[in-house]
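Participant: Take a look at this one; I'll ask things after.
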Amino acid sequence: MVVPAVLLSGGLLAATLVLVPPTYRASSSVVLLNPPTPPEADVKSSKPTGDYQNPYARFGDLSIVVDILRRIMTSSPLMDKLRQEGLVGTYTVAANIDFSRGPIIDIASEASTAPDALGSTALVVKELGLQLGALQAQQGTRPDYFIRSEVVVSATRSTRVFSSTLRRLIAVGALGFGLVISTAIIGDSISRRKRRKSDTRKAPTSTESP
């Protein structure tokens, strides 16, 4: 009973390694750039200065804009929109961890093929720029005074990700290990039961002495 379970577990591991499609990852980085300073007269004015004003530039901290964009880009409606436009697989948008509260955004996509990973990353980068412009246009800001996004690391190639395959192999291996142990326990239980029955049949019948 145990040997077939071991063979089955090995077959499942081999099938997982061969049949499960690989995962490819492509990443890119975007930096946000401050807008030019408004004319001196508008800086000194205590009243709103029309299309010179950029409310998002008033924060004085582009990491706030990074967080706003991250929330927009990872929202369900926008994810659905990107899928309709050709997004394949999954993607992440996050602030760069090397710069505490910095203006750099890291974008990464994972898909089952290298071209899909590259295409999805490019699609997300493009959409991020569009969303950044739309946020500022809604405030009536002149495009000359927009916070701009610029690609600093472009996704030119994708790499195979082994972590997803490894997770599947671990899951299948755990399942196979459980199957082998369960089979061994069941086999041992059956063997003990048979031995008890055999011992019962062989036991001599007690008789009374005259």
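Each value in this text was obtained by applying a stated rule to the coordinates, not by laboratory testing. Computed from a predicted model, the values in this text were never measured in an experiment. Note: ideal-geometry Cβ built from the backbone for every residue, glycine included; neighbour counts use all protein chains shown.
Participant: Roughly how many nanometres apart are two label points built 7 Å out from the Cα toward the Cβ at Q131 and R193?
Facilitator: Each label point is offset 7 Å from its Cα along the Cβ direction, giving 5.9 nm.
Participant: Return the distance in nm (one decimal) between the two label points of a simple spin-label model at D67 and T92, each offset 7 Å from Cα along Cα→Cβ.
Facilitator: 2.0 nm
Participant: If you don't mind, another one. Enumerate the calculated ³J(HN,Hα) couplings along the range 84-93 in order (Karplus 6.51 cos²θ - 1.76 cosθ + 1.60, θ = phi - 60°), each rounded to whole Hz, writing x wherever the residue is Gly or Pro.
Facilitator: Ordered by residue, 3J(HN,Hα) equals 5, 8, x, 5, 10, x, 10, 8, 10, 10 Hz.
Participant: OK, next. Please work out, to two decimal places, the log10 of the ratio I(q)/I(0) at q = 0.19, 0.26 Å⁻¹ from a Debye calculation in which every Cα of the range 60-141 carries one identical scatterer.
Facilitator: Here log10 of I(q) over I(0) equals -0.84, -1.28.
Participant: Which order results if D116, D188, D67 are arranged by neighbouring Cβ count within 10 Å, fewest first? Could you put the intermediate results ahead of the total?
Facilitator: On the way: D116 19, D188 12, D67 15.
Taking fewest neighbouring Cβ atoms as first place, the list is D188, D67, D116.
Participant: Computed from the mean reciprocal separation of all distinct C-alpha pairs, what Kirkwood hydrodynamic radius does the range 22-163 have, in Å? List each step's numbers first, then the result.
Facilitator: On the way: mean 1/r = 0.0620 Å⁻¹.
Across the range 22-163, the inverse of the average 1/r is 16.1 Å.
Participant: Where does the charge balance sit around S27 when Lys and Arg score +1, Asp and Glu -1, over other residues with C-beta under 11 Å from its C-beta?
Facilitator: Details: positive: R25, R157; negative: D106, E110.
So the surrounding residues net to 0.
Participant: Within 14 Å, Cβ to Cβ, of L123, how many net charges do the neighbouring residues add up to if Lys/Arg are +1 and Asp/Glu are -1?
Facilitator: Numbers: positive: K81, R83, K126; negative: D80, E85, E110, D116, E127.
It works out to a net charge of -2.
Participant: Using packing as a proxy for protection, rank 53-63, 124-134 so that the peptide with the highest average count of other Cβ atoms within 10 Å comes first. Can you show the working numbers first?
Facilitator: Details: 53-63: 15.3, 124-134: 17.2.
Most protected by this proxy first, the peptides run 124-134, 53-63.
Participant: R160 to T74: FRET efficiency via 1/(1 + (r/R0)^6), r the Cβ-Cβ distance, R0 22 Å, to the nearest 0.05?
Facilitator: Calculated value: 0.35.
Participant: Using Cα-Cα distances under 8 Å and only pairs 6 or more residues apart, what relative contact order does the range 22-163 have, in percent? Don't jump to the answer; show the numbers that get you there.
Facilitator: Details: 248 pairs, mean separation 66.0, N = 142.
47 percent.
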